[in-house]
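Asks: Dropping the structure in here first, questions after.
Read the figures in this text as sums done on the coordinates, not as results from a lab. Just so it is clear, the model here is predicted, and its values are computed rather than measured. In this analysis, Cβ positions are derived from the backbone assuming ideal geometry, glycine residues included, and neighbour counts consider all displayed protein chains.
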Amino acid sequence: MQTFRRIGILTSGGDAPGMNAVIRAIARKANKQGVEAVGIIGGYNGLINKKLIPLTTSAVSNIITRGGTMLYSDRCLEFKTEEGMQKAIETCKSNDIDAIVAIGGDGTFRGATDLAIRGIPTIGVTGTIDNDITATEYTVGFDTAMNTVVEVLDKLRDTCESHARCNVVEVMGRNCGQIALRAGIAAGAMAVAIPEIPFDEEATINRIKAAKRKAKRGMLIVVSEGVFATDENGNKVPYGEVLKKKIQEQTGIETKFARLAHIVRGGTPTLRDRLTASQMGVKAIDLILEGKSNLVVVEEDSKIESMDIVFALTADRMYKNKLMAGDLDKFSAEDIAKMEAICEKRRQEIANLYAIINDLAL
Ligand code: F6P
């Protein structure tokens, strides 16, 4: 069995509240096991350029409460080249880094796989506000992001109510409507538009008109940033602003638009994010010390488990209809059936939540 001297930790892609709690858990657990932890500054870029800091037990004190990532993050194009990757491997070799834990989303895990193929054991931990990694029920940062959206929606509700206005609110999530959908339900939105399910604009406008007749004053509509309309020149434009204009024109209700953008990504992580981050960080070190590699730590049936990264990325492409020729060739019929079940479970969960919006609207 390999002995581990040092483990490198990096965060890559969009930051997420709770990433610091993962870093803390990995560093503390590694140090307790007699393995040094090294922080890689600025994601894969830092690995290429040898930007390393020691992560002793005390170096990660007081970060569990902080949003963002103390290791900073970057989207690194150089790492996608063979030359960049070789530089990263050289950094590992010359600094006695025997394994890497990469915290982030699907792009981060593709990088981790590339390292693993070239002989550096890697484990991925899911950290993204979007909760858009199909193979896991939960990604670190999701709960904080949803709570931030709910907090803002509650504030907007107050002022909408005072002025008898409607507010269309666009929230992050890339191509995934999970933040919009769950926060929308929790904030009592009248309708939610997400990329996964066709939006019934006419029904929504009729619902707003009916609510007005019932003397409802404040109204909230949540739109995921992944929903688009097409303008008169055939260009793709964010749907939220388009919907805002239509509501105002067709209902006569003064309607405002708010894009929450990166506000959704910052802030103090919630208990759920700190807890899951701590569990996932500990699991990552357990896996490495068991000699395992090329796995991603996931939540499955509410338990912290691990899964082959390539399996997870393929299941993700399956769900997103992005499978390429040959993608499934290396998998058994049983594996493919498992991927299909994961995709179906997610589709069903989103459909069930979406139905709640309609069930509960005035
Ligand atoms: O993946 C996290 C996320 O915040 C998405 O919700 C959003 O679409 C994207 O990152 C924004 O990326 P950037 O910070 O590079 O603008």
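Asks: Give, to the nearest whole percent, the P(r) tail of the chain beyond 40 angstrom, counting all Cα pairs. Kindly include the intermediate steps, with their values, before the conclusion.
Replies: Details: 12970 of 65341 pairs.
Value for the chain: 20 percent of Cα pairs lie more than 40 Å apart.
Asks: Where Lys and Arg each count +1 and Asp and Glu each count -1, what net charge lies around Pro17 among other residues with Cβ under 12 Å from its Cβ?
Replies: Values: positive: Arg66, Arg265, Arg272, Arg274; negative: Asp15, Asp143, Asp273.
Around Pro17, the charge tally is +1.
Asks: In addition: Rank-order 309-321, 142-154, 95-107 by packing density, defined as the average count of other C-beta atoms within 10 Å over each peptide's residues, highest first. Walk me through the numbers on the way to the answer.
Replies: On the way: 309-321: 19.8, 142-154: 22.5, 95-107: 24.4.
Sorting 309-321, 142-154, 95-107 by mean packing, highest first, produces 95-107, 142-154, 309-321.
Asks: Here's a follow-up. Give, in nm to one decimal, the length gained when the segment between Asp286 and Arg75 is fully stretched (0.36 nm per residue of separation minus the Cα-Cα distance). Show your work: numbers first, answer last.
Replies: Values: separation 211, 0.36 × 211 = 75.96 nm, distance 2.77 nm.
Extending this stretch completely gives an extra 73.2 nm.
Asks: Report, ordered by chain and residue number, the aspartates and glutamates lying within cross-link reach of Lys303, taken as a straight Cα distance under 13 Å and ignoring same-chain residues fewer than 8 apart.
Replies: Cα-Cα hits under 13 Å: Glu137.
Asks: Could you tell me which residue out of Ala16, Ser58, Thr3 lies farthest along the dipole of region 1-67 toward its positive end? Charges go on the beta carbon: Lys and Arg +1, Asp and Glu -1, centred on the Cα centre.
Replies: Thr3
Asks: How high is the relative contact order of region 19-134, in percent, with contacts defined as C-alpha pairs under 8 Å that are six or more residues apart? Before the final figure, lay out the partial values.
Replies: Values: 166 pairs, mean separation 26.4, N = 116.
Normalised by residue count, the contact order of region 19-134 is 23 percent.
Asks: To the nearest 0.05, what FRET efficiency results for Thr230 and Leu275 with a Förster distance of 56 Å applied to their C-beta separation?
Replies: Details: r = 43 Å, r/R0 = 0.76.
Efficiency computed from Cβ-Cβ geometry: 0.85.
Asks: Now, a different point. Ser61: net charge of surrounding residues, Cβ under 13 Å, Lys/Arg +1, Asp/Glu -1, itself excluded? Working shown, then result.
Replies: Numbers: positive: Arg24, Arg28, Arg66; negative: none.
So the surrounding residues net to +3.
Asks: With an 8 Å Cα cut-off and a minimum separation of 6 or more residues, compute the relative contact order for the chain in percent.
Replies: Values: 770 pairs, mean separation 73.4, N = 362.
Relative contact order, the chain: 20 percent.
Asks: Using 0.36 nm per residue, how much length does the chain from Lys320 to Val237 gain when fully extended, once their Cα-Cα distance is taken away?
Replies: Values: separation 83, 0.36 × 83 = 29.88 nm, distance 2.10 nm.
Full extension of this stretch gives 27.8 nm more.
Asks: While we're here: So what's the angle, to the nearest 10 degrees on a 0 to 90 scale, between helix 106-117 and the longest Cα principal axis of the chain?
Replies: Tilt of helix 106-117: around 20 degrees.
Asks: Taking the chain as the reference, fit the longest principal axis to its C-alpha atoms, fit the long axis of helix 82-94 to the helix C-alpha atoms, and give the angle between the two in degrees, 0 to 90, nearest 10.
Replies: 50
Asks: For region 210-362, take N as its residue count and report Rg(C-alpha) divided by 2.2 N^0.38 Å. Show your work: numbers first, answer last.
Replies: Working: Rg = 21.6 Å, N = 153, 2.2 N^0.38 = 14.9 Å.
After normalising by residue count via 2.2 N^0.38 Å, the value is 1.45.
Asks: Subtracting the Cα-Cα distance from 0.36 nm times the residue separation, let me have the gained length for Ser302 to Gln33 in nm, one decimal. Can you show the working numbers first?
Replies: Values: separation 269, 0.36 × 269 = 96.84 nm, distance 2.66 nm.
Extra length from Ser302 to Gln33 when fully extended: 94.2 nm.
Asks: Among 8-16, 254-262, 161-169, what's the highest-first ranking by average C-beta atoms within 10 angstrom per residue? Intermediate values should be presented prior to the final figure.
Replies: Values: 8-16: 27.8, 254-262: 16.2, 161-169: 18.8.
My ranking of the peptides, most packed first, is 8-16, 161-169, 254-262.
Asks: What do you get for Rg/Rh over region 278-362 if you use C-alpha atoms and the Kirkwood form of Rh? Don't skip to the answer; put the middle values down first.
Replies: Values: Rg = 16.2 Å, Rh = 15.0 Å.
Here the Rg-to-Rh quotient is 1.08.
Asks: Simple spin-label model, 7 Å along Cα-to-Cβ: Arg347 to Asn62 in nm?
Replies: The two pseudo-label positions are separated by 5.1 nm.
Asks: From the convex hull of the Cα coordinates of region 63-139, what is the mean projected area in square nanometres? Can you show the working numbers first?
Replies: On the way: hull surface 23.8 nm².
Averaged projected hull area, Cα only: 6.0 nm².
Asks: Efficiency by 1/(1 + (r/R0)^6): what FRET value for Lys245 and Ile336, r their Cβ-Cβ distance, R0 = 41 Å, to the nearest 0.05? Can you show the working numbers first?
Replies: Details: r = 45 Å, r/R0 = 1.09.
Calculated value: 0.35.
Asks: Hey, what angle do you get for helix 239-251 against the long axis of the chain, alpha-carbon based, 0 to 90 degrees rounded to 10?
Replies: Roughly 10 degrees, rounded to the nearest 10.
Asks: Sticking with this structure for a sec: May I ask you to derive the FRET efficiency for Lys212 and Ala261 from their Cβ-Cβ distance with R0 = 35 Å, giving the value to the nearest 0.05? Don't jump to the answer; show the numbers that get you there.
Replies: On the way: r = 29 Å, r/R0 = 0.84.
Between Lys212 and Ala261 the formula returns 0.75.
Asks: Let me ask something additional. Taking just the alpha carbons, could you work out the radius of gyration and Dmax for region 3-162, both in angstroms?
Replies: When restricted to Cα atoms, region 3-162 yields Rg and Dmax of 17.1, 65 Å.
Asks: Follow-up. Under Stokes-Einstein, with the Kirkwood radius over Cα pairs standing in for Rh, what whole-number D in µm²/s applies to region 108-180 at 20 °C and 1.002 mPa s? It would help to have the intermediate numbers written out before the result.
Replies: On the way: Rh = 14.7 Å.
Answer, rounded: 146 µm²/s.
Asks: List the lysines whose Cα lies under 18 Å from the Cα of Lys93, skipping any in the same chain that are fewer than 8 positions away.
Replies: Output for Lys93: Lys50, Lys51.
Asks: What is the sum of charges around Ala277, taking Lys and Arg as +1, Asp and Glu as -1, for the other residues whose C-beta is under 14 Å from the C-beta of Ala277? List each step's numbers first, then the result.
Replies: On the way: positive: Arg24, Arg28, Lys29, Arg66, Arg272, Arg274, Lys283; negative: Asp15, Asp143, Asp273, Glu299.
Neighbour charge sum, excluding Ala277 itself: +3.
Asks: Of the listed peptides 214-224, 120-130, what is their order by residue-averaged count of other C-beta atoms within 10 Å, with the highest listed first? Walk me through the numbers on the way to the answer.
Replies: Values: 214-224: 20.3, 120-130: 28.7.
Ranked by mean Cβ neighbours within 10 Å, highest first: 120-130, 214-224.
Asks: Which semi-axes, in whole Å and largest first, does the equivalent ellipsoid of region 1-79 have when worked out from the alpha carbon gyration tensor as the square roots of 5 times its eigenvalues?
Replies: Numbers: eigenvalues 79, 58, 17 Å².
The answer is 20, 17, 9 Å, longest axis first.
Asks: Here is a further query. Would you calculate a helix-derived [θ] at 222 nm for the chain, using -39,500 (n - 2.57) for each DSSP H run of n ≥ 4 and dividing by the full residue count, to the nearest 500? Intermediate values should be presented prior to the final figure.
Replies: Numbers: 11 runs with 160 residues, N = 362.
Computed mean residue ellipticity for the chain: -14500 deg cm²/dmol.
Asks: I would also like to ask the following. Under 19 Å between alpha carbons, and skipping anything fewer than 8 positions from Lys212 in its own chain: which lysines qualify?
Replies: In chain and number order, the partners are Lys244, Lys245, Lys246, Lys256.
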